[in-house]
Amino acid sequence: MAVSATVAVAGAGLAGLSAAWELSRAGATVVVLDAVRRPGGVVVTERPGGPGGPGGKDGFVVEGGPDGFLAAEPDIQELARDAGIGGRVVDQLTSGSSLWTGRRLEPLAEGQAAALLGIQGVSRSAIDCGFRSFATGMADLVEALIARVGPAIRPAQGVTGVAPATRGWRLSLTGGSTLEAEAVILALPAWIAARLVAAAGVPAARRLDEVIYYPTTAVSLAYRGDQLATSLAGTGFVSAAEWSGVVRACSYSWLKYPGRAPAGHALLRAFVAPVDGDPGAISHTELAAILGLAGSPLWTRVFHWPRGLPRYKPGHAEHVAAVRERLARLPPLAIAGAGFDGAGVSACVRSGRAAARGILDRLGR
Ligand SMILES: Cc1cc2nc3c(=O)[nH]c(=O)nc-3n(C[C@H](O)[C@H](O)[C@H](O)COP(=O)(O)OP(=O)(O)OC[C@H]3O[C@@H](n4cnc5c(N)ncnc54)[C@H](O)[C@@H]3O)c2cc1C
């Protein structure tokens, strides 16, 4: 189906990029607008490269946001194949995780770690199938999509308003410019989409900002292999609720996926509660006690997510469905992403592609 319409996608996270890819494949003229300079949303992979690179980080792959996806979830893997990087999907190398009780690490049954971390909507059978990632990090997929969607992506152009126009919608952008499009996909965090959709003519959408985004801080820490007192096994540990420390969970990133650290090195990733002081130093102190680490880390890298993973209140799905029903009466305008259809990366891909297909149907070409 060739579509001549211009579709504006607000948000260049995984949901928005997946939508843009689906639209451009169908021949639509797509413009992707993001408020910030770096596309990818919460997907951030750093690969400090090249001999003599800064801070001795050469050869590490550092994830700031998601580091993988459930192997049982097809959507992200289908998209990877469609985008030509199916061969870059890598399996998790280890399985099993532990519980830090405050005194010792005890083995956890499969699936228990997800429950302790409060991850919503993941079945036990899906967890049993394990996790996957991409050869040089989650940004592999973002980069493949950017390469295919191309210059249609306009960084540092946030959408501040959406109003009806003669043919479709008029978007107000940061800096005062406007853009007209026959159709719009808002692949934005729920609290931002809530305001825009309400102003566009669906007042009930204001309640979408009831989705709570929890703050989290992800701290990557690098060590030489000989700094580990014992050889670690499994994917990492989760801390018991009673533990009074700040490290809520820790991934053994270099054991979990291939190529995350150079030979003879270890890479940990801790998720920590909000702290006063340097999260890198505080995480190291706790991890040194829990895992028996000697000396100081080679380096630490901290990613703050003031609004990280979304969690839905009861009735969320019904409310999103009601908003979509109202949207169907307006010129083509869709919502997509973690704020609405599931927080996992695969759910975001599915949501973005579904929104694009819905828009293509509405445009009817
Ligand atoms: C620390 C962390 C770890 C995670 N780990 C995992 C994991 O291991 N596995 C997993 O499956 N999921 C994980 N998740 C969840 C998953 O990564 C996200 O839910 C998903 O990537 C969100 O994609 P999105 O496109 O919906 O939103 P986002 O990635 O948030 O993208 C939204 C985009 O909208 C842009 N934007 C905001 N306002 C405007 C505006 N006004 N105009 C234009 N653009 C705007 C933003 O700049 C951003 O680029 C993790 C999340 C976090 C934070």
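Looking at the stretch 339-352, is at least one residue within 13 Å of the ligand (Cβ to nearest atom), β-branched (Val, Ile, Thr), assigned by TED's automatic domain parsing to the domain that holds Gly16 and not in a helix (DSSP H, G or I)? Looking for residues that are within 13 Å of the ligand (Cβ to nearest atom), β-branched (Val, Ile, Thr), assigned by TED's automatic domain parsing to the domain that holds Gly16 and not in a helix (DSSP H, G or I), one finds none in the stretch 339-352, hence no. Take Glu63 and decide whether it is within 12 Å of the ligand (Cβ to nearest atom), of a type outside the set (A, V, I, L, M) and at pLDDT below 95. Against the criterion (within 12 Å of the ligand (Cβ to nearest atom), of a type outside the set (A, V, I, L, M) and at pLDDT below 95), Glu63 does not qualify. Does Ala322 count as in contact (Cβ under 8 Å) with a residue 40 or more places away in the chain, crowded, with 17+ Cβ neighbours inside 10 Å and either farther than 30 Å from Gly59 by Cβ or of a type in the set (Phe, Trp, Tyr) (or both)? It is false that Ala322 is in contact (Cβ under 8 Å) with a residue 40 or more places away in the chain, crowded, with 17+ Cβ neighbours inside 10 Å and either farther than 30 Å from Gly59 by Cβ or of a type in the set (Phe, Trp, Tyr) (or both).
Quick check on Ala356: is it buried (at least 23 other Cβ atoms within 10 Å of the Cβ), outside any helix (DSSP H, G or I) and touching a residue at least 40 places away in the same chain (Cβ under 8 Å)?
It is false that Ala356 is buried (at least 23 other Cβ atoms within 10 Å of the Cβ), outside any helix (DSSP H, G or I) and touching a residue at least 40 places away in the same chain (Cβ under 8 Å).
Out of the stretch 213-235, which residues are assigned to a strand (DSSP E or B) and either modelled with pLDDT under 95 or more than 19 Å from Val272 (Cβ to Cβ) (or both)? Selection gives Thr216, Arg224, Leu228. Taken over the stretch 154-175, the residue count meeting the criterion of being within 14 Å of the ligand (Cβ to nearest atom) and small (Gly, Ala, Ser) is 5.
The values are calculated or read from the model by the stated rules, or taken from the named source; none is laboratory data. Quick caveat: nothing in here was measured; it's all calculated off a predicted structure. Cβ coordinates were reconstructed from backbone atoms using ideal geometry, including for glycine residues, and neighbour counts include every protein chain displayed.
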